[in-house]
1. So in the stretch 170-189, with the set limited to residues that are buried (at least 21 other Cβ atoms within 10 Å of the Cβ) and of a type in the set (Gly, Ala, Ser), which one is farthest from the ligand (Cβ to nearest atom)?
2. Which of the numbered conditions does VAL228 fail, given that it passes all the others? Conditions: (1) assigned to a loop (DSSP other than H, G, I, E, B); (2) without any contact (Cβ under 8 Å) to a residue 40 or more places away in the chain; (3) in contact with a strand residue (DSSP E or B) (Cβ under 6 Å, 6 or more places away or on another chain).
3. If GLU217 satisfies every condition in (1) within 16 Å of the ligand (Cβ to nearest atom); (2) assigned to a helix (DSSP H, G or I); (3) over 27 Å from ALA104 (Cβ atoms) but one, which is the exception?
4. Condition first: outside any loop (DSSP other than H, G, I, E, B), touching a strand residue (DSSP E or B) at 6+ places or on another chain (Cβ under 7 Å), closer than 29 Å to TRP174 by Cβ and hydroxyl-bearing (Ser, Thr, Tyr). Can you find one or more residues in the stretch 128-145 that meet it?
5. Taking into account only those residues within the stretch 90-115 that are away from the ligand (no atom under 16 Å from the Cβ) and part of a helix (DSSP H, G or I), which is surrounded by the fewest Cβ atoms within 10 Å (Cβ to Cβ)?
6. Determine which member of the set LEU151, LEU158 is under 28 Å from GLY91 (Cα atoms), free of Cβ contacts under 8 Å to residues at least 60 places away in the same chain, of a type outside the set (Phe, Trp, Tyr) and in a loop (DSSP other than H, G, I, E, B).
7. Looking at the stretch 154-169, is at least one residue within 16 Å of the ligand (Cβ to nearest atom) and over 19 Å from LEU5 (Cβ atoms)?
Amino acid sequence: MNRPLVIGNWKMNLDYVEAVHLVQQIGVVLRNKPLEHVDLVVVPPFVDIRSVTSVVESERVSITVGAQHASVHEAGAHTGEVSVPMLQRLGVSWILVGHSERRAMYAMTDEVVAQTLRTVTRFGLTAVLCVGEELSVRESGDQDDFVTAQLHAALGGLDEASRGLVTIAYEPVWAIGTGLTASTGQVREMTEHIRTVAASLSLDGVRVLYGGSVNAENAAALMSEGRVDGFLVGGASLKAESFLAIGQAANDCYDGKR
Ligand code: 13P
């Protein structure tokens with residue numbers, strides 16, 4: 001089992017004042033009760049990142065900081081975009097690539113996902129590649145083929161150095177923000193499938209996370225029965241209490257299995 005990773009994707013929530021407050025709260029709880037066996041990451045909106053990293057550094061909060069997206073380009077005339085080097089300079093070490101909301105609402109194609117992933121890893125940052133099927137695909141039973149195609153498109157032909165900088169998050173679109181969590185059986189099957197496909201692309205031992213309505217109540221079962229390496233959490237990451245309860249579940253599961 002890989003060391004668990006729990007990532008809080010704040011999406012377009014929390015301004016920089018609220019962001020500072022949340023990270024301070026996380027810091028207070030972690031100081032009293034450190035989570036030794038889990039890596040915690042928060043992924044704020046771009047405009048919050050500088051404030052969040054300042055608090056993390058000055059108050060020595062044991063979390064790292066990610067970004068929700070990055071431009072496929074390194075610099076230049078790309079109004080409204082933010083580059084990987086800019087994020088790196090801010091202390092960001094993780095970047096979500098190809099979140100289903102970017103794919104569906106901002107026309108991020110498989111090709112752009114693949115190129116963005118290469119830009120992220122070229123600068124030595126870790127790419128969290130998001131994959132997952134829509135409800136219609138799940139209903140027709142084609143989810144394995146669908147996710148295989150997404151993985152091949154993003155990870156095929158990746159060089160060795162880059163392969164070590166990839167984490168995969170399985171986020172079925174129908175489970176995101178709906179309260180409809182995938183069952184532990186569905187998660188286990190897909191996680192195994194993803195590991196097999198990843199291994200065929202020379203990404204052995206890659207961390208595979210689950211995302212989609214994860215909360216403090218379902219995290220322990222998803223972790224142990226779903227056999228994931230952690231979570232990509234949306235709504236429940238906006239409160240210190242629920243985010244850290246998920247972290248605690250991952251921590252305890254790993255501790256119990258070592
Ligand atoms: P929810 O946890 O709100 O369903 O969001 C999942 C997600 O999209 C995380 O990236």
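Read the figures in this text as sums done on the coordinates, not as results from a lab. This structure is a prediction, so every number in the text was calculated from the model and none was measured. All Cβ positions, even for glycine, are placed from backbone atoms using ideal geometry, and neighbour counts span all protein chains on display.
1. Within the stretch 170-189, the match that is farthest from the ligand (Cβ to nearest atom) is ALA182.
2. (2)
3. (2)
4. The first filter runs over the stretch 128-145 and keeps only residues outside any loop (DSSP other than H, G, I, E, B), leaving 128-131, 135-139, 143-145.
With the extra rule that they be touching a strand residue (DSSP E or B) at 6+ places or on another chain (Cβ under 7 Å), the set shrinks to 128-131.
Still in the running and closer than 29 Å to TRP174 by Cβ: 128-131.
Subsequent filtering for residues that are hydroxyl-bearing (Ser, Thr, Tyr) retains none.
No.
5. Restricting to residues being away from the ligand (no atom under 16 Å from the Cβ) and part of a helix (DSSP H, G or I), the top hit is GLU111.
6. Working: LEU151 fails: in a loop (DSSP other than H, G, I, E, B).
That would be LEU158, the only listed residue that is under 28 Å from GLY91 (Cα atoms), free of Cβ contacts under 8 Å to residues at least 60 places away in the same chain, of a type outside the set (Phe, Trp, Tyr) and in a loop (DSSP other than H, G, I, E, B).
7. No, the stretch 154-169 has no match at all.
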